[in-house]
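Take a look at the structure below.
The values are calculated or read from the model by the stated rules, or taken from the named source; none is laboratory data. The structure presented is a predicted model; accordingly, all values stated were derived computationally and were not measured. Here the Cβ is made from the backbone with ideal geometry for all residues, glycine too, and neighbour counts use every protein chain on show. Areas reflect the complete protein model, heavy atoms only, side chains present, ligands, DNA and RNA absent. Shrake-Rupley method; radii C 1.70, N 1.55, O 1.52, S 1.80 Å.
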Amino acid sequence: MAVTTATGAEILVEASAKSATDPLPTVLDDLSLTIKRPALPEGRDAVAAAGVWVGVLRRIGAAKLNYWGLPDLVENGRLLISELVTNALRHGKGPEVVFRFIIGVDLIVLEVDDGSPGRPEVRVAEPTEENGRGMFLVDSIANSWGVSEDGTRTWCTLAAPASARRGRRHRGSETGGRHGGGN
């Protein structure tokens with residue numbers, strides 16, 4: 001598993017570029033959503049207060065993967081979204097959590113920015129523990145993952161199956177020619 005300090009968008013460029021003369025990777029969809037962290041009294045769980053967003057983002061992620069002809073990635077995509085966003089809500093300290101979901105021709109990038117310099121750790125939780133498996137799951141499922149140099153952004157990638165890349169129609173022509181921009 002490769003773990004670097006680049007950001008999700010940089011990873012997409014690095015993974016797709018084969019030489020300095022190659023064009024930038026084709027981005028089919030780029031979504032960014034901001035969750036405002038509610039002001040909480042001491043001891044109140046941030047996930048309980050803003051956790052509805054985890055389900056919303058899972059549904060959006062599944063819909064986008066299905067739309068782009070990537071149904072085989074839906075289950076893993078939903079799980080990775082859950083783990084990254086829940087970790088950001090639970091452990092981040094910033095006033096907001098920014099979720100970014102990039103679908104490229106060959107690679108899907110999920111990224112959260114929680115405003116906190118704390119770095120996530122992969123650990124093996126005890127069988128009796130209810131929490132603590134998030135980054136272990138990310139490490140196990142994602143093709144790669146990493147953290148930005150300042151520690152505020154955590155990202156992971158999933159590779160698009162070759163069969164999906166070959167069979168996918170370019171949907172930009174179906175929506176009036178819109179290419180790459182976030183919805």
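In the set (1) open to solvent by 10 Å² or more (accessible area, probe 1.4 Å); (2) at pLDDT 80 or above; (3) farther than 30 Å from A39 by Cβ, the condition left unmet by I102 is number (1). Could you go through the range 38-51 and let me know if any residue there is open to solvent by less than 40 Å² (accessible area, probe 1.4 Å) and modelled with pLDDT of 90 or more. For the range 38-51, residues open to solvent by less than 40 Å² (accessible area, probe 1.4 Å) and modelled with pLDDT of 90 or more: absent. Which of the residues belonging to the range 55-78 are assigned to a helix (DSSP H, G or I) and open to solvent by less than 50 Å² (accessible area, probe 1.4 Å)? Those that are assigned to a helix (DSSP H, G or I) and open to solvent by less than 50 Å² (accessible area, probe 1.4 Å): G55, V56, L57, G61, A62, K64, L65, L73, V74, G77.
Let's see how each residue does on (1) open to solvent by less than 40 Å² (accessible area, probe 1.4 Å); (2) at pLDDT below 85:
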{"site": "L137", "(1), (2)": "no, yes"}
{"site": "S148", "(1), (2)": "yes, no"}
{"site": "R153", "(1), (2)": "no, no"}
{"site": "A159", "(1), (2)": "no, no"}
{"site": "A162", "(1), (2)": "no, yes"}
{"site": "R165", "(1), (2)": "no, yes"}
